[in-house]
Amino acid sequence: MTTALIVIDVQNDFCPGGALAVPGGDEIIDGINGLMADASAVILTQDWHPAGHSSFASSHEGRAPYELTDMPYGPQVLWPDHCIQGSPGAGFHTRLDVDRADMIIRKGYNPAIDSYSALFENDHVTPTGLEGYLRTRGISELLMVGLALDFCVNFSAVDAAKQGFRVTVREDLCRAIDLDGSLDAARSGMRDAGVTLI
Ligand code: VGL
Ligand code: ZN
């Protein structure tokens, strides 16, 4: 069984000082680097939005960050502008060992659809291509870490479990945004989907 380490969105905008800073987001980096040596595959994801992305509150007249809106594909949290393609905030944290990565997958580049998950956009049908990459490499087991536990890690873990991968999330190597109970909901959703939380 080949296990891949999937490192979700360890980018400057999700670390302290960033546009959508996750509390303690930079505290997990050394631990993640430490896992890379033993992993048989290392995959990094990178949130990668065009300016004016539909998930940004600034793209919706009169709306503020962290409010909910309805998109054609369902409810969507409106975020501060973050991870704009090519900006410093979209870059990986300088301490993250990016040289060890076999694959970097970008997501959220479609202006009309957000993409929390590393496997599918938020419409839950448009694939990112990661599933095909994993399968063609014979990878069936995933260890997930990164930011944010209750959004991108959660959606990635649940989608991967639904697609038949064995998924473990190292909670100590994740940090959460925790918006209106989103962390508790994410934990129970992951467990219901068969994800192992350790
Ligand atoms: C994320 C909100 C918006 C994440 C990405 O990486 O969890 N959260 N875009
Ligand atoms: Zn985003």
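Rounded to two decimals, what is the ratio between the C-alpha radius of gyration of segment 1-54 and 2.2 N^0.38 Å?
Here the Cα radius of gyration is 1.34 times the empirical estimate.
With every protein chain present, what is the per residue accessible area of the chain (1.4 Å probe, Å²)? Before the final figure, lay out the partial values.
Details: 8320 Å² over 198 residues.
Value returned for the chain: 42 Å² of accessible area per residue.
Probe 1.4 Å, all protein chains in place: accessible area of Lys162 in Å², nearest 10?
Rounded to the nearest 10, the figure is 150 Å².
Just to be sure I understand: of the beta bridges DSSP finds with both ends in the chain, what percent are antiparallel, rounded to 5?
Numbers: 6 of 32 bridges.
Percentage antiparallel, nearest 5: 20.
Can you tell me the alpha carbon radius of gyration of segment 110-181 divided by the globular rule-of-thumb value 2.2 N^0.38 Å?
Details: Rg = 12.4 Å, N = 72, 2.2 N^0.38 = 11.2 Å.
Ratio of Cα Rg to 2.2 N^0.38 Å: 1.11.
Taking every Cα atom in the chain, find the radius of gyration and the maximum pairwise distance Dmax, and write them in Å.
When restricted to the Cα atoms of the chain, Rg and Dmax are 15.5, 51 Å.
In whole percent, how big is the carbon plus sulfur part of the accessible area of segment 56-198, probe 1.4 Å, protein atoms only? Each step should come with its number before you reach the end.
Numbers: 3420 of 6610 Å².
The C+S portion of the solvent-accessible surface of segment 56-198 is 52 percent.
The values are calculated or read from the model by the stated rules, or taken from the named source; none is laboratory data. In this text, all values refer to a predicted model and were calculated from it rather than measured experimentally. Heavy atoms of the whole protein, side chains included, go into the accessibility calculation; ligands, DNA and RNA do not. Shrake-Rupley method; radii C 1.70, N 1.55, O 1.52, S 1.80 Å.
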